[in-house]
Structure formats: structure tokens, C-alpha cells
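The values are calculated or read from the model by the stated rules, or taken from the named source; none is laboratory data. Just so you know, these numbers come straight off a predicted model, no measurement behind them. In this analysis, Cβ positions are derived from the backbone assuming ideal geometry, glycine residues included, and neighbour counts consider all displayed protein chains.
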Amino acid sequence: MTNLTWHDHRLTRHQRASRKNQQPCLLWFTGLSGSGKSTIANALDVALHERGYHTFLLDGDNVRHGLNRDLGFSEEDRVENIRRIGEVSKLFTDAGLIVLSAFISPFSSDRLLVRNLFPEGEFIEVFMSTPLEVCEERDPKGLYRKARAGEIRQFTGIDSPYEAPDRPEIAIDTGTLSVDECIESIISYLSHNHILKSV
């Protein structure tokens, strides 16, 4: 692009994070519809807030009501959806926040694109490894039923692929773990890797 100039901020991301006494990062929840992304991200958001940390939650459906309301579900639009979320998440971490993003994000190339926006260790992939049969049995929005009936095309897990992460930082199966156990597992990872500090 031409006629654009990058303006450096007088306050650095390190200064903003230090004031909050935390290490900024992006927790990227990925998995099939019904795998528990939004449920666990919401519960973790509350748990971290109650411990005094500064967070913000970005949820796939919510973002499509505003920032990404102009996007559909074609492959090109899905890529752009994730690109925008990655950029927004980066801005929030620059502000010193711990960001939780809950998106199906089925393609590994899209998740890698977002990972590459962040310094080493600040992108934490949380793979909701809940099996398809469990997700379909839950079907909280009735989407699997519609996909099986042919009312929804290119539905992830049915007639559109989901590329599971090869080496996620965290893997969680909500088919076998309770919400509390999931939160405990994530907080343990964050503490062990010095993302969470004493507040």
C-alpha cells in the first residue's frame, strides 16, 4: 500500500502488560461445532477475571454479528474471517491483554497465519479434541441435523474437512473432562509457562 506511514506508540506493549502484571497471549480455541470452544473459553474468561487478570473473549458467532457481518462461509470468506480475527487479537495483546478466541478455524494454514503474527510462546493453540460423534449428539444449534439433511452445505466435519492440529499446546476432550477439569488443565499450562503471574 502507498501513502501509509506506521506510527510508533510512545507506550510499548511491554509497558502496558507490566502495568497489568501479566504476560499477554492469545488462547486460540479450535475444534468442531459443539466441541465446547465457547463453553470452555467463557468459563476460563470468568476464572481468569476472578483471579485478577485482564482478558477479552472473541467468539465466532458474535464477531459475525459485527466486524465480520459482511462475510459468508465460502472458503475465501472463511480465510478472511480468521485473518481479521488474528489482527484484532494481535491488537488486544499489544494492549497487554490475555485474549481468548473461539473459532472452528478448520484449516491448519489459517491457524498458522495467525500464529505467525505473534512472538514465540504468545500463540497458544487449544485444540478441542472432542470426537465428531459427541459433538453431533450434542448439536446445540441444530446445525448437524441440518447438514445431514442437506440444508447446510460445506459444514465442517460433515462435507467440509476439519484439519486437526498436529502439535497443539493444549488438547482437551470435553467428552471425557468436566468444565472444571478443562479450566484446571489450561490454567496449569498458563502458570507453568509463566503466562500467569501472581496478582
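What single numbered condition from (1) among the β-branched types (V, I, T); (2) surrounded by 15 or more Cβ atoms within 10 Å (Cβ to Cβ); (3) not in a loop (DSSP other than H, G, I, E, B) fails to hold for V46?
(2)
Looking at D173, is it surrounded by 15 or more Cβ atoms within 10 Å (Cβ to Cβ), over 23 Å from L48 (Cα atoms) and charged (D, E, K, R)?
In short, no.
Answer yes if at least one residue in region 100-120 is over 20 Å from E163 (Cβ atoms) and among the β-branched types (V, I, T), and no otherwise.
No, region 100-120 has no match at all.
Looking at region 49-66 only, could you name the residues that are in a helix (DSSP H, G or I) and modelled with pLDDT of 85 or more?
Pass one, region 49-66, residues in a helix (DSSP H, G or I): 49-50, 60-64.
Residues satisfying the conditions are H49, E50.
Among (1) part of a helix (DSSP H, G or I); (2) farther than 19 Å from M128 by Cα, where does R69 come up short?
(1)
Residues in region 130-183 that are charged (D, E, K, R) and within 15 Å of G36 (Cα to Cα): how many?
9
State whether the residues of region 162-180 include one that is touching a Leu at 6+ places or on another chain (Cβ under 9 Å) and part of a helix (DSSP H, G or I).
no
Please work out which residue is nearest to N21 (Cα to Cα), limiting yourself to region 63-79 and to residues that are surrounded by 15 or more Cβ atoms within 10 Å (Cβ to Cβ) and charged (D, E, K, R).
Filtering region 63-79 for residues that are surrounded by 15 or more Cβ atoms within 10 Å (Cβ to Cβ) and charged (D, E, K, R), the one nearest to N21 (Cα to Cα) comes out as R64.
The rows are residues; the columns are (1) surrounded by 15 or more Cβ atoms within 10 Å (Cβ to Cβ); (2) at pLDDT below 90; (3) assigned to a strand (DSSP E or B).
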site	(1), (2), (3)
T2	no, yes, no
H14	no, yes, no
L26	yes, no, yes
I40	yes, no, no
E87	no, no, no
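Do any residues in region 89-111 that are among the basic types (K, R) have Cβ atoms under 7 Å from those of residues that are modelled with pLDDT of 90 or more and not in a loop (DSSP other than H, G, I, E, B), where the two are at least six apart or on different chains, and which pairs are they?
Close Cβ pairs (under 7 Å, with a partner that is modelled with pLDDT of 90 or more and not in a loop (DSSP other than H, G, I, E, B)) amount to R111/W28; R111/T30; R111/E125.
Restricting to region 87-129, give me the number of residues that are closer than 24 Å to G34 by Cα and of a type in the set (D, E).
Selection size over region 87-129: 2.
Kindly indicate which of G150, G121, G86, G142 is in contact (Cβ under 8 Å) with a residue 24 or more places away in the chain and over 17 Å from L57 (Cβ atoms).
Details: G150 fails: in contact (Cβ under 8 Å) with a residue 24 or more places away in the chain; G86 fails: over 17 Å from L57 (Cβ atoms); G142 fails: in contact (Cβ under 8 Å) with a residue 24 or more places away in the chain.
When all the criteria are applied, what remains is G121.
Output the number of the condition that F92 fails; it satisfies all remaining conditions of (1) surrounded by fewer than 22 Cβ atoms within 10 Å (Cβ to Cβ); (2) in contact with a helix residue (DSSP H, G or I) (Cβ under 8 Å, 6 or more places away or on another chain).
Of (1) surrounded by fewer than 22 Cβ atoms within 10 Å (Cβ to Cβ); (2) in contact with a helix residue (DSSP H, G or I) (Cβ under 8 Å, 6 or more places away or on another chain), only one is false for F92: (2).
Quick check: anything in region 126-143 over 23 Å from L71 (Cβ atoms), surrounded by 15 or more Cβ atoms within 10 Å (Cβ to Cβ) and of a type in the set (F, W, Y)?
Yes, there is a match, as at least one residue in region 126-143 is over 23 Å from L71 (Cβ atoms), surrounded by 15 or more Cβ atoms within 10 Å (Cβ to Cβ) and of a type in the set (F, W, Y).
How do the pairs read when you match residues in region 174-185 that are without any contact (Cβ under 8 Å) to a residue 60 or more places away in the chain with residues anywhere that are among the hydrophobic types (A, V, I, L, M, F, W, C), using Cβ under 8 Å and keeping only pairs 6 or more apart or on different chains?
Qualifying pairs under 8 Å: G175/V134; S185/I170; S185/I172; S185/L177.
Say we look at region 147-168 and pick out the residues that are buried (at least 17 other Cβ atoms within 10 Å of the Cβ) and either touching a strand residue (DSSP E or B) at 6+ places or on another chain (Cβ under 6 Å) or modelled with pLDDT of 95 or more (or both); which of these is farthest from C135 (Cα to Cα)?
P168
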